[in-house]
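The values are calculated or read from the model by the stated rules, or taken from the named source; none is laboratory data. A quick note: this is a predicted structure, and the numbers were derived from the prediction, not measured. Using ideal geometry, Cβ is built from the backbone for each residue, glycine included, and neighbour counts are taken over all protein chains shown. The accessibility values were calculated without ligands, DNA or RNA, using every heavy atom of the protein model including side chains. Shrake-Rupley method; radii C 1.70, N 1.55, O 1.52, S 1.80 Å.
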Amino acid sequence: MKPTAPNPFAAAVASTLAAVLRLFRRPQLADLLTLLLMAGIMLAIAAAAIVAMVLTAGEAQATPLTAGDRVQLVLENGEGFAGKYQIDLQGQIALPYAGAVKIAGMDAAQASQAVTQRLEAQGLFRPGAARTTMQVLWWAPLNVSVSGEVFNPGTQAVNMPASRDRTIERAEEIPGAYAPNRNLSDALKAAGGITTWADLSRVALRRGGLTTVHDVRHLLSGQPGIDPALQEGDELIVARLAQPEPLQARPSAITPPGIKVFAGNMVQSQNNAPAANALGALPMAYGSRLSQAVVAINCAGGINWSNASRMASLVRTERTTGQTRRWNVPVEKLLDEGSDEINPLLQEGDALACYDSQVTGWREVFKVLTDILSPISIFRGLP
């Protein structure tokens, strides 16, 4: 009979136990080092296992059921219990003869197990005889409170139907267990998106009496990661950074798709027709700066000697304090230097005006005087 190879793990354990025994009998430095080494290895293995469990749980996260969801219970040999149910405001479904079963917060598989346990506990089925399956027919919209560093804090509705034609009856044609628009990122988007002050490493999710903190920086960068599923009544609190982060002002899954600024142009140049089209609300990409808006309303460029001294004026009412701030910047300096101090990021509702140069102003004055004093104008006024 061929001898079996020794087990390395068993040998290491035996060696460690022997070192422990010797340590109590005749303490030696070598035994202490062996014990510390094995303890370190075991701690490293335990830490790796915990990390693996957390990552696996995050990847396999199922969407929890919540109030308003409509489900279908399939029960073998239980026609009196099988059918369609809608979860009420208490998170329960009412089963005939068995009473209410709370399934909000569970996924479909957990809800099926809860129903099975209730049916067997009430003596309606023998243990092991109630074979149930829970199918999600329709994922209801959610009301979620969002506060902190978002543009429109307050109660937000997520997973709203795209149109009135999307009814529960049509959605029930194909049962499914995936809700595409009931995640944390959807709530941030519904709240107008995050500001440049948002600390995405500390987004708190408050559910009932429990608060968890999530690092969702991957939602801005587009990297893979966990996007927590939400339930009815959840609260999100976006923490504030010590300093704003300009790199967060860019299109993403949790930022505004664009902003509108109010633009007015006082430039009188005959070749400035695009400026007239920019009057009023000017759509700009999120992350645009003052220099880009100045170019968009045709406030920059032209004849150098007459247009170089144009002035751009930006007026902003701060969202959090209600105070009004103003930037008055020469256009040429804005385009040459473009520092953050004189070239701020644009925000929703900013007001922008462009003032002409003094040369152009005097030219317009002389033009008016010439028209008034022109002999032709004088003779036209005679009877």
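Scanning the stretch 211-230 for any residue that is touching a residue at least 60 places away in the same chain (Cβ under 8 Å), more than 30 Å from ALA296 (Cβ to Cβ) and crowded, with 22+ Cβ neighbours inside 10 Å turns up at least one such residue.
Yes or no, residue by residue, for (1) modelled with pLDDT under 90; (2) over 30 Å from GLU318 (Cβ atoms); (3) open to solvent by 30 Å² or more (accessible area, probe 1.4 Å):
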site	(1), (2), (3)
PHE151	no, no, yes
THR155	no, no, yes
MET160	yes, yes, yes
ILE168	yes, yes, yes
GLU173	yes, yes, yes
TYR178	yes, yes, yes
GLY193	no, no, no
TRP197	no, no, yes
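For the stretch 137-149, the candidate set comprises residues that are of a type outside the set (Val, Ile, Thr) and open to solvent by less than 20 Å² (accessible area, probe 1.4 Å); within that set, the residue that is farthest from ALA191 (Cα to Cα) is LEU137.
Let's see how each residue does on (1) out of contact with any Lys or Arg (no Cβ under 6 Å at 6 or more places or on another chain); (2) modelled with pLDDT under 60:
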residue	(1), (2)
VAL20	yes, yes
GLN72	no, no
GLY78	yes, no
PHE81	yes, no
